Structure formats: C-alpha cells, structure tokens
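S.K.: Below is a structure I'd like to ask you about.
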C-alpha cells in the first residue's frame, strides 16, 4: 500500500512538471535571470547547501541566489533570515528548476520537487538539465556509490576521496574538484560533557513493519540501557545523545532508556552541526559524519555489529578500510564501546597519536576557506 501511494505521488509530480514546462514559455523570466538555486533535501538546511548559501549571502550579495525549503521545516525561518527562499514543491520551484543558471544541491537531484520522480523523468529524457549542475555531496564518500545525470561540478571534501573519485568516476573525472566541504567552515569545538551516538540508516529497514524485531533496534536499545554505560554517565556527569539517521527517525519513538542522562533526539529538535560541535566523543557505525568529527580531532569509536549484512545489502566497501584507515577503534561488542568511552574520559579526551596522524594526512585543507573555494569553482563553470 505504501509503495502504491509513493508511485501515485510520483505520477502527480511528473504531470505537474510537464504542465509547468508548457507554461514556462509564458512567464516573465526576469526574476530568474542569473539565478543560483541551492537545496539540500527540500526539508532541511543543516549541511553544505546551507553553509554555502550563507557564505554567498554574506560575501557576494550581487549573486541572485535562493534556497529551496518547505515552510514546514524547522529550519525555514533560519534560512529566511539570511536570504530569499523558494518554497519546496511550489509553482516557483518548478519555474526556478527550468530557468535557473545553476542548480546546487547536497543530494543528486536534491534541487527538484522530488528526487525519485525526477530520476524517472531524467531517465526517459522528459526532464533535460539545461542548467549548470553542482553536486556538493552530503558527506565524504568512502564506499562505492552510484552517480547519475549530468554533473558539471562534483565537490570533494578530502584528498583521499578526491583521488578515489578520479579513479572510480571516470566519466566525471574532469569535473571533480578538491575544495573541502562548505559546512567544515562552521565546525568549532565547544567543550561540553556530551557523547554523541549517531549511526547511519539501513536500506533494508525502509518501510519495516516489525522494527522492534530487527537486530538494529535490539542492538541500540541494549546499548541505551547498558548498566555500565549509565554508571559511567552518572559518575562522570556526562550525557549521551542518540541521534539516528533521518531514514531511521520514523521509528524513533520505539527507543527508550532507563537513564535521564540519555536523550533520544529527534530530527526536528536537534541540529546535527550543533551536536558535532558540542559533543566530546562520537559513537557511530558507517556514517560519514565521523569525518566531520575527525576534522575537529575528537575521539571516535566505530560500533559495527552488522558489518557483513551492511556490506551485502547496502554499500560495497570502497577505498576506506575502517580497520586500516579509521580514526578510532572498530568494535562489534557493546561492552567494548563502553570500555572505549571510559578510556577516553580517563585520558582527558586526548586523541591517540596514531589516529591524529591519520586525520592530518586525510584532510589537506583545514583553513576555513572551503566555501570560498567552492564558490570560485562554480564561477569557473559559469
């Protein structure tokens, strides 16, 4: 039933695009002249898109730039205070899509009213990309990913990723640029006693009917109620914030903890950038968010309890081998996670030298000029 509803919604969007495409010849094109459109997923502004938008508004007011976001988003007012917005899915959104000079997004087709529907339109050549297309990325790619559509600029966040892309994405080779991620300009260490538990999603859990029976749920539910973990938080006056990926957020009400020091964080209430800045230790699995944390040179542990299943069902391993290249230990047992946290706190959060050396080699740029480099590369393609 969910799948049928999804297909129906995509069909409606496809029809709307065709109608607006026909009406496009009658509209006044002046307000779309030299327009730069920036978006993330249409429902948020917490990533490379928002960081770049803010930079352009503050440093290049001569640019006609607008950010696409729904009014229902908790980030809407934040964006509105900085510059002009286009409401996601609105008539203006469709016309901007057809007339903008450049379309910029953190996700493939993230600037469209619906990424899935427009992928079909692109495939059947109903939607033609006549604009310049910039792919900012949502996170540093470490696994083998599928890239589709025309991309005039692909932004890379790290040197090793850039080298990997050059070899892996042969058809896009000339359009890949190592600039660093715009959002890295906004990363700052804030001293606070917070442990961030931030795992990624699982593709096989999409539209899951028995979420409480899954290994994912039971593993994290167990960790959230681990006796030794709770004792450690109480003893050291720490808090732990569990902030699962947006793809898992629909199931977040299923999680709970016996401790009031453990917070189950929702997407609407918490901003990931603020959490990264304010947290002292990160527990993750395969989420590329650990690169942001490493950029800040803070301790990380990879809790990979389902590695074989993840590799089989979601992403094939790329150039980044966690045991070899990781910026922290890789564990599969929750007690070892707690042991690592205790070790970090006992050592005043000092990063082990071997992990610090890996981080310094991975990030060549650490100068707060990432937005500037990305902006300059966009100017070049225009």
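The values are calculated or read from the model by the stated rules, or taken from the named source; none is laboratory data. Computed from a predicted model, the values in this text were never measured in an experiment. Cβ atoms come from the backbone with ideal geometry, glycine included; neighbour counts cover every protein chain shown.
S.K.: Being surrounded by 19 or more Cβ atoms within 10 Å (Cβ to Cβ) and either out of contact with any helix residue (DSSP H, G or I) (no Cβ under 8 Å at 6 or more places or on another chain) or touching a residue at least 40 places away in the same chain (Cβ under 8 Å) (or both) is the requirement here; does residue 105 meet it?
M.R.: yes
S.K.: Among 232, 240, 276, 223, which is the only one that is assigned by TED's automatic domain parsing to the domain that holds residue 314 and in a strand (DSSP E or B)?
M.R.: On inspection, the qualifying residue turns out to be 240.
S.K.: Now for a different question. Of all residues in segment 91-136, count the ones that are in contact with a strand residue (DSSP E or B) (Cβ under 6 Å, 6 or more places away or on another chain) and within 26 Å of residue 200 (Cα to Cα).
M.R.: Of the residues in segment 91-136, 7 are in contact with a strand residue (DSSP E or B) (Cβ under 6 Å, 6 or more places away or on another chain) and within 26 Å of residue 200 (Cα to Cα).
S.K.: May I pose another question? Can you pull out the helices (runs of 4 or more DSSP H) entirely within segment 316-382 that have at least 1 residues that are in contact (Cβ under 8 Å) with a residue 12 or more places away in the chain and within 30 Å of residue 64 (Cβ to Cβ)?
M.R.: On the way: elements: 322-325, 334-346, 353-362, 370-381.
Fully inside segment 316-382 and qualifying: 370-381.
S.K.: If residue 195 meets every condition in (1) in contact with a strand residue (DSSP E or B) (Cβ under 6 Å, 6 or more places away or on another chain); (2) farther than 24 Å from residue 49 by Cβ; (3) surrounded by fewer than 20 Cβ atoms within 10 Å (Cβ to Cβ) apart from one, which number is that one?
M.R.: (3)
S.K.: Something else now. Residue under question is residue 46, and the condition is that it be assigned by TED's automatic domain parsing to the domain that holds residue 146, surrounded by 16 or more Cβ atoms within 10 Å (Cβ to Cβ) and part of a loop (DSSP other than H, G, I, E, B); does it hold?
M.R.: Here the answer is yes, as residue 46 does meet what is asked.
S.K.: Within segment 271-290, which residues are surrounded by fewer than 23 Cβ atoms within 10 Å (Cβ to Cβ), more than 11 Å from the chain's Cα centre (by Cα), in contact (Cβ under 8 Å) with a residue 24 or more places away in the chain and over 17 Å from residue 337 (Cα atoms)?
M.R.: 271, 275, 277, 278
S.K.: Just to check your reading of the model, which residue among 167, 143 is surrounded by fewer than 21 Cβ atoms within 10 Å (Cβ to Cβ), more than 16 Å from the chain's Cα centre (by Cα) and at pLDDT below 95?
M.R.: 167
S.K.: Still on this structure: Sort out which residues of segment 122-132 are surrounded by fewer than 21 Cβ atoms within 10 Å (Cβ to Cβ) and either part of a helix (DSSP H, G or I) or at negative phi (or both), and write them in order of number.
M.R.: Correct list: 122, 123, 124, 126, 128, 129, 130, 132.
S.K.: Within segment 259-275, which residues are closer than 21 Å to residue 191 by Cβ, in contact with a helix residue (DSSP H, G or I) (Cβ under 8 Å, 6 or more places away or on another chain) and modelled with pLDDT under 95?
M.R.: 272, 273, listed by residue number.
S.K.: Continuing with this model, one more query. For segment 31-41: of the residues being assigned to a loop (DSSP other than H, G, I, E, B) and within 13 Å of the chain's Cα centre (by Cα), which is farthest from residue 156 (Cα to Cα)?
M.R.: The residue in question is 41.
S.K.: Can you tell me which residue among 177, 166 is in a strand (DSSP E or B) and within 23 Å of residue 360 (Cα to Cα)?
M.R.: 177
S.K.: Please state which of the following conditions residue 149 fails to meet, knowing it meets all the rest: (1) assigned to a helix (DSSP H, G or I); (2) over 22 Å from residue 295 (Cβ atoms); (3) touching a helix residue (DSSP H, G or I) at 6+ places or on another chain (Cβ under 6 Å).
M.R.: Of everything listed in (1) assigned to a helix (DSSP H, G or I); (2) over 22 Å from residue 295 (Cβ atoms); (3) touching a helix residue (DSSP H, G or I) at 6+ places or on another chain (Cβ under 6 Å), residue 149 misses just condition (1).
S.K.: Yes or no: segment 90-100 includes at least one residue that is in a loop (DSSP other than H, G, I, E, B), over 20 Å from residue 48 (Cα atoms), more than 16 Å from the chain's Cα centre (by Cα) and at pLDDT below 95. Step through it out loud before you land on a result.
M.R.: The initial filter retains those residues of segment 90-100 that are in a loop (DSSP other than H, G, I, E, B), namely 90, 100.
Filter once more, keeping what is over 20 Å from residue 48 (Cα atoms): 90.
Imposing the further condition that a residue be more than 16 Å from the chain's Cα centre (by Cα) reduces the set to 90.
Next cut, at pLDDT below 95 only: none.
Taking every residue of segment 90-100 in turn, none turns out to be in a loop (DSSP other than H, G, I, E, B), over 20 Å from residue 48 (Cα atoms), more than 16 Å from the chain's Cα centre (by Cα) and at pLDDT below 95.
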